[in-house]
Every structure is written in C-alpha cells, then in structure tokens.
Amino acid sequence: MPTYKAPLRDLQFVYKELFDATSLQALPGFEEVDTDLTDTILEEAGRFCETVLQPLNQSGDEEGCHFNNGAVTTPKGFKAAYQAFCENGWGAVTADPTYGGQGLPKTIGMMVEEMICSANMSFGMYPGLTEGAYNALAKFGTDELKTTYLPKMVTGEWSGTMCLTEPHCGTDLGLVRTKAEPQSNGAYKVTGTKIFISAGEQDLTDNIIHLVLARTPDAPAGIKGISLFIVPKYLVNADGSVGAANGVSCGSIEHKMGIKASATCVINFDAAEGYLVGTLNKGMQAMFQMMNTARLGVGIQGLGLSEVSYQNAVAYARDRLQGRALKAPFQPDKPADPLFVHPDVRRMLLTMRAYTEGNRALAIWVARKLDESNRATDPKQKQSADDFVALMTPIVKAFMTDCATDVTNLGVQIYGGHGFIREWGMEQFVRDARITQIYEGTNGIQALDLVGRKMAQNTGRLLRPFFHEVSEYLEQKSADSSDELQVMIGGLMKAFGRLQQATGFIAQQGLKDPDEAAAAATDYLRLFALVALGYLWLRMAEIALAKQGEGEAEFYQAKLDTAQFYFARLLPQTGALLSAILSGSQTLMQFNHEAF
Amino acid sequence: MKIVVAIKRVIDYSVKVRVKSDQSNVDLANVKMALNPFCEIAVEEAVRLKEAGKATEIVVVTIGPKAAQDQIRAAMAMGADRGIWVETVDTELDALTVAKLLAKVVQNEQPQLVLLGKQAIDSDNNQTGQMLAALLDYPQATFASKVVIEGNEAVVTREIDGGLQTLGLTLPAIVTTDLRLNEPRYVKLPDIMKAKKKTLDATTPEALGVSLQKSIKLLKVEAPAERQGGIKVESVDALIDCLKNKARVI
C-alpha cells in the first residue's frame, strides 16, 4: 500500500526561498500571513491529508461509488472524512471572510491543494468543484444569490458543480441545448441533460448547487447565446433552510478508468427552477472565470499525483534488492543491491523528481501572480500579473498533467511487475492521472488557447512579463556567475532562443494560415513549459549554491544535482520540439484522410 | 477553574535522530521540531476539560529559545487561551531547573490544575512533574489515563506496572499524562488563525528569580550500535550452544 508524507520542506523552499514571502505579505489583506503562520497551516493540512485522506485513497478506488435508484453513495469513510475536512476548515482556505472563509492567499490554497491531490485526488474533487462554483458565483452572482448560497458552500454544508457537457457537446459548448425558460417571477425553468458532472450527486452534503450552462428561447445561436444559471438540487426557503426538491435528478454514474471514488454523473434537469448568474447570453464569460481557476487546479492534481508516485518509487528503489551495481557491489553483504544503483532506474527517479519539483515551483509562481492579480493596488503590477496568469494557465494545465502521466508511469515502471499489480497502488496513480489530460479542456485545447488566444491577445502583450523576466535574468547572471551556474545559463540561453524562434515562426505563419499555428500548438506549449522550468531550476540552483555551507547540505546539494540533471537530460528536448514546430503543418495536412 | 499546561519543544517523533559528528549531542540543526506528543495529550485534556465546562482558562507555558513560541501557538490553535514563554538560550535545562521555573509560574498563576506530559521524547527523563509537585507541595498523579474533575477533587486513573490505580487528589494538583489518556484533535484552520491573536507573554528566569544551575553534565552521545544480521543454525543443540557460549544469555 502506498504511503504519503507531505513535502513540507520542498514547499517551504519554493515559497520562502525561491519566491520572496514578504512581498506576498505586503499585499492588502495578507498582512497577517507571515511565514510562521504559513508553516503551521501547511503542517496541519499535511497532517490531515496524510492521516485522514490518504488511508481512504486505495479503498475508495477499489470500492468506487454506488448508484441506486437516483442516489449516489460515496465509498466507505468518505462521508466522515468530508465532515472532518469541512469542520477543520480545509474547504475554506481562500474563500472570502464575508462568507465565512479565511481569506488566505491562493498561494497557500494551492499548496494545500497539492497535498490533498497527493493524498486522495478523488476526494479532492468534491470540495474542489464547490470552490469552482464558489468562484463563479462570488464574481458574477447578485448579492441575493451570494448571501443565499455562498456561506453554506464555504462551510461545506452544500457543495457545488459545473454543468457544461452534454451528450453531443464537450469541447464545443456552442452546441449546448439545455433550455432555460423565463418565468414571471424572474426565475427560469431549466430543462436538459448534462453528462460527466463531477460530484453531481453524492451523499456528503445537504444540498448541491449546480451551475448550469443553458440557452434561453430567443438566445442567438452558438456560443453567444449561452447563459449561466444556478440550479439547486433542493430549493432554498426564505429562512435559508433546505426546501422542496427542484426537478434535478441523477440518471446514472459513469464507470471510469480512474478517480473512481469521485462520482461522475448524468444530471437531468426537468423544469428545475434556476436563477441567472451574470449577464444574459454572457454565460461563457462567467464559465471561463470558473474554468481558469479549475484549470490551474487540474494542473495541481497532476503535480500531486506526480509527487506521491515519486515518493513511493523512491521507497521501493531503496528497499527492493535486484541485480548488482555494474562496477562493484553496493551492498556486498546482501544478496543483491537496491534498485537505485542502476543507471536506468536513476534516470527514471531523477526524471520524476526534476519534473515534479520544477512543476511545484511553476505552480507556486503562478499562484503568487494570481494573488498579485487579485490584490495588488498598483495597476501596472496588477496588469502584468493578470497577463502572466492568463498566459501560464494553459501551460500549467497541460504540461503538468502531461508530466503526471509520464511520471506516474515511470513510477509503475520502477516497481516492475509489482507496479502492474493493483495491491501496490502505483497503477492507480496512472489511472487517476489520465483524466487530468482530458477534462477542463483537453490538453490539445490548452495548446490552442496558448497559441490562438494568449499569444495573439493585445499583440503579444501577455508574453512580455515572462519573456522580459527571463531575458533580464539571463543578462544579469551571464556577467557574473560561478562555473557551475554558467553551464546552466548557457543551456537556458539556447532553449530560450528556441522558444523565441518558435514564437516568431508561429506568429508569422499563423497569420497566413491558421492550420500552421494549430499544428505547432502542442509542441510549442511543451517547449514553453520546458523553458519556464529551466528558468526556475536555474534560480533554484543559484539558491542552492548560495546556501552551501549553511547547513542542510544534503538538501541543497540535491536541489543542485537535480537542476544539473534537468539541464543535461530534459531541457535538450527543446531542440527536437523546435525542429518539429519548424517543419510546419504540411506532413499533418497532406495525408489523405481516407487512408487513416 | 484555571489550568496551567507545561509544554516542551522537541525533535519531531518522525525524524530519524542523528548524533553530531563530535558526539557532543544529538544534531538538531535544521531538524523538524514539534510539540512533545505527551505534552500534546496534556493540552488536549485541558481543552476537553474546558469544553466540558470544568475549566475556564487554559494557560500554556514553555521554556526555551524564541522558536519555542511555535509550540505555544500550536497549543493555542488546539484551544489554549494564552501563553507564557520563559526565554532561555539553553535547550538542555535540568529537570530540576525546569521544575523550579514552572513552580514560579504556577505560584504566579495560581491554577487549580497543572498538566504536564509524563516525559519528553527527547531526553525521556520523566522527572519534571514529580519535582514540580515536590517543590509546590501539591498532590500528584503521574501516568494518567483518565482524569475526572469532581468539585474540589481530581479523580485520576493511572497506568502502573500492575494495572490501573485510581487516586483522588485535592486540588490544586499536578497530573502528568500518559499515551492513552486521549487522542489529540486535528487543529482547525480557523483556530490556527485565532491563535495568532491570543496573548503570549514573555518572561525570563531572572524575572522569575530562578538561576539556571546545571547539576547534570552531558559527557557524550553515541548512536546505538547498528543491529547485526542474525545467523541460522543447523540444530537445536547448535542453538543452545550459541545461546550459552556466543550470546551468553543462558
């Protein structure tokens, strides 16, 4: 059975040493959030994840959710764990204190989320969806809707969902058919079928607040005629208590490859009472608000799974004796040497580690900017942070989940045959990770978002904060740095040059032929992410070098060694990616589709 | 009823303890520190007594460097009302010195009940509570597995070698807590936030009128010898021979 230990020291390294914790505290509303408080919060959250959520991960997967006559039962132990989770306040970390939340930075929220996802990703879906619905409602709901629904969602007594997908429309939401007919009292009657609704029905909460994309009778066709509605499972009485059933029912639950303890539901709306959220026909705008944070959240799911898979792979590589080190036995008194002596096992472990720690740095970087974008008072700082988050959201979502599939598969590989056996729990991470590349916009869609929307927006303005920061850093460091750092600086310069070249190529070709930009998108997103991680690894290596001789020698040496591994063995992928990008769309498009 | 709980910052129970290369002590540099588990049980018991309406105020006290404030905050997040930090540079005070400092704090605070962990997991001395009771001339019950407050009396069940013993103590009294007394709660996020705003008073041994004398000298710390792998023997006779002549246990 896999184990999990919250990576507190690694989290601290990123939020305290890589990024300046005092500048976060300088943002309005975060004055109290010093590093002592953050440490305590992470420690307690970690303890909860390790001892309450993680022990239910494998049993939840084995048992799955049950569906009986419209009712969904979550696996054994989930209900008690959910109650404890809410009572301990872990569902209300970042929520607005007006509605009972703690109003803490997203930076802390995301670190807590990582631990939840490592411990039990399926469990995390239930409060995670509530948070998504909370975000949309808090931003676009009327005061009446907010005071009616948000406090109970913050305590976790009620949960939330996002109802987008219908049987005939997933990625292309312009095809939504669910109808919303206006009533004389200002409400709407919502009718239609939604599928793939995570946490759509469960036995954890007293009420479920669905956010539903639907179309009013005279709405324009396509994406411009979609509105967002809030539709509770049970109507809410004037005194705030749960009232009559509201024509919302669960038709069935899906039998899935992974996240089996998360109920994925077909939800039928049968003239259910709903209320408009935001402006009529501007539902997609509100939905994107929800989706953007959800996309970052999915990236974090990938990170969490990568971390837990790595931890268990390391434990196995230490324990399992198999074969001998090629030069001389490592443990001559034992029948064989531990797995980690073998170069190929080391390659796998270091690949897992370098992606996971690099992605953690990226996630916290974006979270920091999200806090700046929400709270900064200087309009320039706010705009630049906004741009950065918008640019990085598809990268966090797609790259971190692609990594999760790679990393969790390496985890299985290190276990050999035992990795393929359910009992060891390593294959569950692969199955759970697989959905992260698909939902909240497939990774292909993320790549299109990056090249089609983010790159082009305001003539490339979104790219600037990142490009400027990296080039300034390189310029500054190339002048005076140690030899160890110079090697990495050279590596990053080369990779950064490739990113600039690819960006120019896509901007130019894409103007002439949209297929060109789309054909390059996935490779470009990966190239971009590898450069971003290269920049972060370089800065982490710089810190590790500076801290040599100050204690924790092993910890900092490991950071430096992982950085060197990243530069030697992972960052060079950028060369191949650039070649693929520059080859253009021809080989994709010339192929006769009948020959597929 | 006011309760004083004495707590100690110790190396985290999950950390693999290492000895300094010069064998002068355990290596505590950059090691994760935490609230001593037995102290955590003492805090939990105090909070439960308060929740049950038996206690009105919980004061936690610790002795140590500034970092020990973290443990006071942790106890406050569990539900203690305020904290007293006795600042010392030395983290290796003798149990008697600690008991003297605590005695002063108790005299100042005048609680009805003083709770301590039965021992700290770093030095495992199991002395402070007993010494404190002697200094104050209070009744004591050590190794508590159940504490009931009835009027002016504490009825304490303690774990002893022969089983369980129940004592009635007239308050004020000293109780040291054993492992099975309770299971400490998970700390709630809102309580972590509230703990930041609770009062934490600092004092010093000088202000308390206690001089930090050392009566115990630490000579050397050695890691336990690494366990050697076992051997297999061919027969029962060979086993007996080994036990007699090699292991010399029979």
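The values are calculated or read from the model by the stated rules, or taken from the named source; none is laboratory data. Here the structure is a predicted model, which is why all the values come from computation and not from measurement. FYI the Cβ positions are ideal-geometry reconstructions off the backbone, even for glycines, and counts take in every protein chain you see. We work out accessible area using only protein heavy atoms, side chains counted, and drop any ligands, DNA or RNA first. Shrake-Rupley method; radii C 1.70, N 1.55, O 1.52, S 1.80 Å.
A few points about this structure:
- The set of residues in the stretch A:298-327 that are surrounded by fewer than 17 Cβ atoms within 10 Å (Cβ to Cβ) and among the aliphatic types (A, V, I, L, M) comprises A:A315, A:L321, A:A325, A:L326.
- Top-ranked residue in the stretch A:304-346 [being among the aliphatic types (A, V, I, L, M) and closer than 21 Å to A:C117 by Cα; ranked as nearest to the chain's Cα centre (by Cα)]: A:L305
This table checks each residue for (1) aromatic (F, W, Y); (2) farther than 30 Å from A:E254 by Cα.
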residue: A:M426; (1), (2): no, no
residue: A:T442; (1), (2): no, no
residue: A:K454; (1), (2): no, yes
residue: A:L463; (1), (2): no, yes
residue: A:V470; (1), (2): no, yes
residue: A:Y473; (1), (2): yes, yes
residue: A:D480; (1), (2): no, yes
residue: A:Q500; (1), (2): no, yes
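- In the stretch A:142-152, the condition of being within 23 Å of the chain's Cα centre (by Cα) and either surrounded by fewer than 23 Cβ atoms within 10 Å (Cβ to Cβ) or more than 26 Å from A:L27 (Cα to Cα) (or both) is met by no residue.
- Inter-residue pairs, beta-carbon under 9 Å, first more than 21 Å from A:Y355 (Cβ to Cβ) and in the stretch A:408-421, second of a type in the set (F, W, Y) and open to solvent by 50 Å² or more (accessible area, probe 1.4 Å), 6+ apart: A:H418/A:W424
- Scanning the stretch A:182-214 for residues that are open to solvent by 40 Å² or more (accessible area, probe 1.4 Å), outside any loop (DSSP other than H, G, I, E, B) and free of Cβ contacts under 8 Å to residues at least 60 places away in the same chain yields a total of 1.
- Scanning the stretch B:25-76 for residues that are in a strand (DSSP E or B), open to solvent by 20 Å² or more (accessible area, probe 1.4 Å), more than 14 Å from every other protein chain (Cβ to nearest Cβ) and within 27 Å of B:E206 (Cβ to Cβ) yields B:E57, B:I63.
Residue by residue, here is whether (1) assigned to a helix (DSSP H, G or I); (2) at pLDDT below 95; (3) crowded, with 22+ Cβ neighbours inside 10 Å holds:
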position: A:G419; (1), (2), (3): yes, no, yes
position: A:F429; (1), (2), (3): yes, no, yes
position: A:E440; (1), (2), (3): no, yes, yes
position: A:G444; (1), (2), (3): yes, no, no
position: A:G452; (1), (2), (3): yes, yes, no
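- Matching residues, the stretch A:545-558, being assigned to a helix (DSSP H, G or I) and within 14 Å of chain B (Cβ to nearest Cβ): A:A553, A:E554, A:F555, A:Y556, A:Q557, A:A558
- Residue within the stretch A:270-277 that is under 28 Å from the mean Cα position of the chain (by Cα), within 20 Å of A:A71 (Cα to Cα) and assigned to a strand (DSSP E or B) present: no
- Among (1) over 25 Å from the mean Cα position of the chain (by Cα); (2) within 30 Å of A:T3 (Cβ to Cβ); (3) open to solvent by 40 Å² or more (accessible area, probe 1.4 Å) - the single one A:Q486 does not satisfy: (2)
- Test: B:K2 is touching a Leu at 6+ places or on another chain (Cβ under 9 Å), open to solvent by 40 Å² or more (accessible area, probe 1.4 Å) and at pLDDT 95 or above: yes
- Residue identified as surrounded by fewer than 17 Cβ atoms within 10 Å (Cβ to Cβ), farther than 21 Å from A:T587 by Cβ and not aromatic (F, W, Y) among A:G497, A:G491: A:G497
- Residue in the stretch B:17-24 that is touching a residue at least 40 places away in the same chain (Cβ under 8 Å), more than 14 Å from chain A (Cβ to nearest Cβ), of a type in the set (A, V, I, L, M) and farther than 20 Å from B:G117 by Cβ present: yes
- Only listed residue being away from chain A (no Cβ under 14 Å), farther than 19 Å from B:I41 by Cα, open to solvent by less than 60 Å² (accessible area, probe 1.4 Å) and assigned to a helix (DSSP H, G or I), chosen from B:L93, B:L101, B:L135: B:L101
- Unmet requirement for A:F330, which otherwise passes all of (1) of a type outside the set (V, I, T); (2) open to solvent by 70 Å² or more (accessible area, probe 1.4 Å); (3) in contact (Cβ under 8 Å) with a residue 40 or more places away in the chain: (3)
- If the condition is being touching a strand residue (DSSP E or B) at 6+ places or on another chain (Cβ under 9 Å), modelled with pLDDT of 95 or more and not in a helix (DSSP H, G or I), then the stretch A:142-162 contributes A:T142, A:E157, A:W158, A:S159, A:G160, A:T161.
- Number of the exception - A:S23 against (1) open to solvent by 30 Å² or more (accessible area, probe 1.4 Å); (2) within 14 Å of another protein chain (Cβ to nearest Cβ): (2)
- Positions within the stretch A:1-20 being under 25 Å from B:D12 (Cα atoms) and part of a helix (DSSP H, G or I), in sequence order: A:L8, A:R9, A:D10, A:L11, A:Q12, A:F13, A:V14, A:Y15, A:K16, A:E17
- Flag if B:S14 is touching a residue at least 60 places away in the same chain (Cβ under 8 Å) and touching a Lys or Arg at 6+ places or on another chain (Cβ under 8 Å): no
- Looking across the stretch A:457-483, the residues that are open to solvent by 50 Å² or more (accessible area, probe 1.4 Å) and either farther than 24 Å from A:A563 by Cα or among the acidic types (D, E) (or both) come down to A:Q457, A:N458, A:T459, A:R461, A:R464, A:E469, A:E472, A:E475, A:D480, A:D483.
- Look at the stretch A:293-304: where a residue is over 14 Å from A:I259 (Cβ atoms) and a partner is outside any helix (DSSP H, G or I) and not aliphatic (A, V, I, L, M), sitting 6+ places away or on another chain with Cβ atoms under 7 Å, you get A:A294/A:E440; A:R295/A:E440; A:R295/A:G441.
- The residue that is nearest to the other protein chains (Cβ to nearest Cβ), among those in the stretch B:5-16 that are under 19 Å from B:A99 (Cα atoms) and open to solvent by 30 Å² or more (accessible area, probe 1.4 Å), is B:R9.
- Consider the stretch A:226-248 and keep the residues that are buried (at least 18 other Cβ atoms within 10 Å of the Cβ) and among the small types (G, A, S). The one that is nearest to A:R177 (Cα to Cα) is A:S227.
- Where helices (runs of 4 or more DSSP H) fall wholly inside the stretch A:32-137, the ranges with 1 or more residues that are more than 14 Å from chain B (Cβ to nearest Cβ) are A:57-63, A:78-87.
- Selection of first residues in the stretch A:97-109 that are over 21 Å from A:W158 (Cα atoms) and of second residues that are assigned to a helix (DSSP H, G or I) and of a type outside the set (A, V, I, L, M), restricted to Cβ pairs under 7 Å at least 6 apart or on distinct chains, gives the following pairs, ordered by first then second residue: A:P105/A:D371; A:K106/A:D371; A:T107/A:Y15; A:T107/A:R368; A:T107/A:D371; A:I108/A:T38.
- Of residues in the stretch A:341-377 being of a type in the set (S, T, Y) and closer than 29 Å to A:G323 by Cα, the one surrounded by the fewest Cβ atoms within 10 Å (Cβ to Cβ): A:T351
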